[in-house]
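Structure record follows, encoded as structure tokens.
The values are calculated or read from the model by the stated rules, or taken from the named source; none is laboratory data. The shown structure was predicted, so the numbers you read here are calculated from the model rather than taken from an experiment. Note: ideal-geometry Cβ built from the backbone for every residue, glycine included; neighbour counts use all protein chains shown. Note: accessible area is taken over every heavy atom of the protein model, side chains too, but ligands, DNA and RNA are not part of it. Shrake-Rupley method; radii C 1.70, N 1.55, O 1.52, S 1.80 Å.
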Amino acid sequence: MTTVDRSRIKMLIEREEERYIAERPKSRALFERARASLLGGVPMSWMVEWPGSFPVFVKEAKGARLTDVDGHTYVDLCLGDSGSLTGHSPTATAEAIAKQVYKGMTLMLPTEDHIWVGEELARRFGLPFWQIYTTATDANRFAIRMARRITKRNLVLVFDGCYHGSVDEALVSVKDGEKMVLRHAIVGPLPNPASRVIQFNDLDALEKALSPRDIACVLCEPAMTNAGIIFPEPGYHEALREMTRRFGTLLIIDETHTISSGPGGLTRIWNLEPDLFTIGKPIAGGLPAAALGLSQEVAEELLAGPPLGLGVGGTLSGNALQAVAIRATLENVLTQSAYERMIPITERLANGIDKIIKDADLPWHVNRLGCRAEYRFCRIPPRNGAESEAVFDGDLDRLVHVFCANRGVLITPFHSMVLVSPATTVEDVDLHNKVFGEFVNELVE
Ligand SMILES: Cc1ncc(COP(=O)(O)O)c(C=O)c1O
């Protein structure tokens, strides 16, 4: 098996970062100017985590292409880390938004489009009742509140390596086997998150965590995506559902990323039966919107109690613009036929990466979840968050991002993850694979 020379990685990072800076004088100047008014030079802190010492500043983006202020056009396989899985500004969504913009945006009243959205979400995911919020973080926070109200319990069970937005209860991880600690990147101390955290794919740990009957809800993705793509082992979901029911805990499934698997997410593909369901990011084609689904039983419990009000929702949530944007996106963009094109293109991409890895005899692998693929610099796919963290290779990650950017391909920062949108073509993914092949050649030459 080929081993990669660490000093070569360092040398290549230096070379590629110099090239990145030299070829982007306008982005660099804008970043310098931005530092005087935007904290850290960016409007949202994650944006400094792109490769190179500054992010590219964008002139425009459409479909699977993004052009920066220096005139470089990229094949964008990051797609706003799923927020634009639809491709940038899909025409049907953009036109629907443009029309509604002149007819009222935030009304704090429902429209007929909201009903269409509720009916379509019920058809896709199987839960009968829906609420519309602004971000997936919101949807998860409110789902937790509802679960606490119904169960009269406080604790939330999450999996090590998860991410569900800036939800306090999920910003925890496991240390030294069992100890719960706060995630290292958090801003300031959290007020004792009411959580329990275990490793994914460990049924004994799950039973031990649930059996005291003090957990209000499990908040999980059906397959993990934020520690690389980690699939549940056979029987895991059946056991999770059986145990949550046995111990009186509600199950919240977050499909914000796993919607890459198909139009009804893994919930549909695997016939999952969540009590609450959350989704955000691409459902409105890039406009901020999210949805929370509720089972019949959960809805009945909530409607039987005092009205939901303070603590759930917000004045801008469920607005008229979100309704038309979700409707246009689900009706015309993230359709069954779009997935039928996106998934084979992603298969081609993943098969190409797999071949390059195997031909070079590198101890790496690639995983795929529908139209999402991720390569990891380890031979065996991790089974849980701890295994994933143990194999993280920051230098290789940094290098592949900047190497790709210099050759016209954007991949998602924080992961070596690529997404295929309805606008992404075979030529786009072939360009990615050509660049990935060059990256491997340079490393192992
Ligand atoms: C699985 C999952 N759920 C929820 C969120 C939160 O989404 P947002 O930041 O749009 O609120 C994320 C963000 O990456 C996520 O990965």
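The table for this structure:
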{"item": "Counted residues, region 346-366 - those being in contact (Cβ under 8 Å) with a residue 24 or more places away in the chain and in contact with a helix residue (DSSP H, G or I) (Cβ under 8 Å, 6 or more places away or on another chain)", "result": "9"}
{"item": "Residues satisfying the stated conditions in region 12-37, i.e. assigned to a loop (DSSP other than H, G, I, E, B) and surrounded by 12 or more Cβ atoms within 10 Å (Cβ to Cβ)", "result": "23, 24, 35"}
{"item": "Residue that is surrounded by the most Cβ atoms within 10 Å (Cβ to Cβ) [pool: residues in region 108-151 that are outside any helix (DSSP H, G or I) and within 16 Å of the ligand (Cβ to nearest atom)]", "result": "133"}
{"item": "Boolean, residue 261 is open to solvent by 10 Å² or more (accessible area, probe 1.4 Å) and either in contact with an Asp or Glu (Cβ under 6 Å, 6 or more places away or on another chain) or within 15 Å of the ligand (Cβ to nearest atom) (or both)", "result": "yes"}
{"item": "Residue within region 219-229 that is under 22 Å from residue 121 (Cα atoms), charged (D, E, K, R) and in contact with a Ser or Thr (Cβ under 7 Å, 6 or more places away or on another chain) present", "result": "yes"}
{"item": "Enumeration of residues in region 190-221 that are open to solvent by 30 Å² or more (accessible area, probe 1.4 Å) and in a helix (DSSP H, G or I)", "result": "203, 204, 207, 208"}
{"item": "Yes/no for residue 387 being under 20 Å from the mean Cα position of the chain (by Cα) and open to solvent by 20 Å² or more (accessible area, probe 1.4 Å)", "result": "yes"}
{"item": "Flag for residue 252 being in a strand (DSSP E or B) and either away from the ligand (no atom under 16 Å from the Cβ) or in contact (Cβ under 8 Å) with a residue 40 or more places away in the chain (or both)", "result": "yes"}
{"item": "Within region 341-445, helices (runs of 4 or more DSSP H) holding 1 or more residues that are closer than 18 Å to residue 81 by Cα", "result": "394-406, 426-444"}
{"item": "Single unsatisfied condition, residue 99 versus (1) closer than 22 Å to residue 309 by Cβ; (2) away from the ligand (no atom under 16 Å from the Cβ)", "result": "(1)"}
{"item": "Condition met for residue 240 (free of Cβ contacts under 8 Å to residues at least 40 places away in the same chain and touching a helix residue (DSSP H, G or I) at 6+ places or on another chain (Cβ under 9 Å))", "result": "yes"}
{"item": "Condition broken by residue 40, with the remaining ones in (1) closer than 30 Å to residue 326 by Cα; (2) open to solvent by less than 80 Å² (accessible area, probe 1.4 Å); (3) part of a helix (DSSP H, G or I) satisfied", "result": "(1)"}
{"item": "Any chance residue 282 is within 30 Å of residue 418 (Cβ to Cβ), part of a loop (DSSP other than H, G, I, E, B) and not small (Gly, Ala, Ser)", "result": "no"}
{"item": "Residue 9 vs. criteria more than 27 Å from the chain's Cα centre (by Cα), modelled with pLDDT of 95 or more and part of a helix (DSSP H, G or I)", "result": "yes"}
{"item": "Scope region 161-189; condition part of a loop (DSSP other than H, G, I, E, B), within 16 Å of the ligand (Cβ to nearest atom) and open to solvent by 20 Å² or more (accessible area, probe 1.4 Å); matching residues", "result": "163, 166, 171, 183, 185, 186, 187"}
{"item": "Output for region 65-96, where each listed residue is open to solvent by less than 50 Å² (accessible area, probe 1.4 Å), in a helix (DSSP H, G or I), out of contact with any helix residue (DSSP H, G or I) (no Cβ under 7 Å at 6 or more places or on another chain) and more than 16 Å from the ligand (Cβ to nearest atom)", "result": "94"}
{"item": "Sole residue being away from the ligand (no atom under 12 Å from the Cβ), of a type in the set (A, V, I, L, M) and not in a helix (DSSP H, G or I), chosen from 272, 330", "result": "272"}
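A quick yes/no check of all residues on (1) basic (Lys, Arg); (2) more than 21 Å from the chain's Cα centre (by Cα); (3) surrounded by fewer than 22 Cβ atoms within 10 Å (Cβ to Cβ):
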residue: 274; (1), (2), (3): no, no, no
residue: 280; (1), (2), (3): no, no, no
residue: 291; (1), (2), (3): no, no, no
residue: 302; (1), (2), (3): no, yes, yes
residue: 310; (1), (2), (3): no, yes, yes
residue: 315; (1), (2), (3): no, yes, yes
residue: 321; (1), (2), (3): no, yes, no
residue: 329; (1), (2), (3): no, no, no
residue: 349; (1), (2), (3): no, no, no
